[in-house]
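All remarks here apply to the structure that follows.
The values are calculated or read from the model by the stated rules, or taken from the named source; none is laboratory data. Predicted model only: the values in this text are computed from it and were never measured. Glycine also receives a Cβ, built like all others from the backbone with ideal geometry; neighbour counts cover every protein chain displayed. SASA here: full protein model, heavy atoms, side chains in, ligands and nucleic acids out. Shrake-Rupley method; radii C 1.70, N 1.55, O 1.52, S 1.80 Å.
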Amino acid sequence: MSPAEPRSYDPHATVAGLDGELLRLEAQAQLSWPAELAALRRAGLRDGVTVLDAGCGSGAITARLAQALPGARILALDSDPELLAHARRRLAEHGERVRVLEGTVQDPPPAARGADFALLRLVLQHQADPVDAVRGLAATMAAGGVLAAIDVDGGLWGLAEPFFPELMAIHARAWQSQQQRGGDRFIGRRLTRILSRAGLLEPTLELAAAHSDQLGTERFAALLDPQELQPRVADGTLTLAEYGRLHAAYRRFMQDPEALVMTVSFVAAGRVPG
Ligand SMILES: C[S@@+](CC[C@H](N)C(=O)[O-])C[C@H]1O[C@@H](n2cnc3c(N)ncnc32)[C@H](O)[C@@H]1O
């Protein structure tokens, strides 16, 4: 894909720019990570091995992996040099144990090879060919290793109360536009199939939930804030009036003391043959 084409993932695309996206990734990680980590441990994540965070972005999850697995060697790989610069600063405190590497998940550089456990979190939804991405990554892992993919699905993103049915229609349109930019916001339901088709064995699937009654509604603010959809106004997918309605609903929701929200991550994993 040439740089001029619209991309499924563009960390600069909101008015809040890269800083806004870094905050959003951090808020997202903070919310979902405890339940996702528990699911990853059940899928075979353990301490003392080599773990690859493939498509590590800002390092929000890599830092949490390093904390949860004090005896593991951690590799963090991404293709975006700016996000990697941030990840390097963020992960420097771990010294040699955590290495940050530039490259693609389809064809990782030699230093990113041989992992016993690899994680693709919120990465496959942005791939034009997710099976090819998983196959490429799995081919570089240790035989018998585990490859896990965590992603979302617009059809089962979670729930919110009070419920605004008109917002669902607006979101559905924005998610469809991601499809046109080479991504898939409905990938969660296909994760096990993708792992199987890429040659991984015994694929498993768990849903990991984050609920505002446990975490507080405020912690979900960065995820519910429609600012992520601003580029969809610029490209004509949403009108300014629709965006305004989304924003008003978001403000009403955040001010409602009875509001509740739950989000769902899909956690799939499979074993590398050998
Ligand atoms: C939504 S971010 C998720 C970052 C991180 N995994 C997390 O959960 O916070 C997606 C990341 O995948 C990276 N990415 C997308 N396609 C990639 C590819 N083919 N190879 C390497 N990195 C890729 C992007 O640069 C971005 O950092």
Exercise. Give the residues of region 32-42 that are open to solvent by 30 Å² or more (accessible area, probe 1.4 Å) and over 23 Å from Asp213 (Cβ atoms), sorted by residue number.
Key: Arg41, Arg42
Self-check item: So Ala87, is it in contact (Cβ under 8 Å) with a residue 60 or more places away in the chain, more than 18 Å from Ala142 (Cα to Cα) and under 18 Å from the mean Cα position of the chain (by Cα)
Solution: no
Quiz item: When region 125-172 is examined, which residues are found to be under 30 Å from Glu258 (Cα atoms) and among the small types (Gly, Ala, Ser)?
Solution: Gly154, Gly155, Gly158, Ala160, Ala169, Ala172
Quiz item: Based on what the data block shows, is Val261 open to solvent by less than 60 Å² (accessible area, probe 1.4 Å) and in contact (Cβ under 8 Å) with a residue 40 or more places away in the chain?
Solution: yes
Quiz prompt | Selection from region 155-177 of residues that are within 16 Å of the ligand (Cβ to nearest atom) and open to solvent by 10 Å² or more (accessible area, probe 1.4 Å) | solution = Trp157, Trp175
Quiz item: Pairs under 6 Å by beta carbon, first residue of a type in the set (Ser, Thr, Tyr) in region 118-144, partner away from the ligand (no atom under 12 Å from the Cβ), six or more apart or different chains?
Solution: Thr140/Arg113
Exercise. Specify which of the listed residues (Ala72, Ala148, Ala139, Ala66) is open to solvent by 70 Å² or more (accessible area, probe 1.4 Å), over 30 Å from Phe253 (Cα atoms), at pLDDT 95 or above and more than 10 Å from the ligand (Cβ to nearest atom).
Key: Ala139
Quiz item: Would you say Gly17 is open to solvent by 10 Å² or more (accessible area, probe 1.4 Å) and at positive phi?
Solution: yes
Quiz prompt | Long-range neighbours under 7 Å by Cβ, at least six apart or interchain, first residue open to solvent by 20 Å² or more (accessible area, probe 1.4 Å) and near the ligand (Cβ under 9 Å from one of its atoms) within region 20-31, second in a helix (DSSP H, G or I) and modelled with pLDDT of 85 or more | solution = Leu25/Ala60; Glu26/Ala60
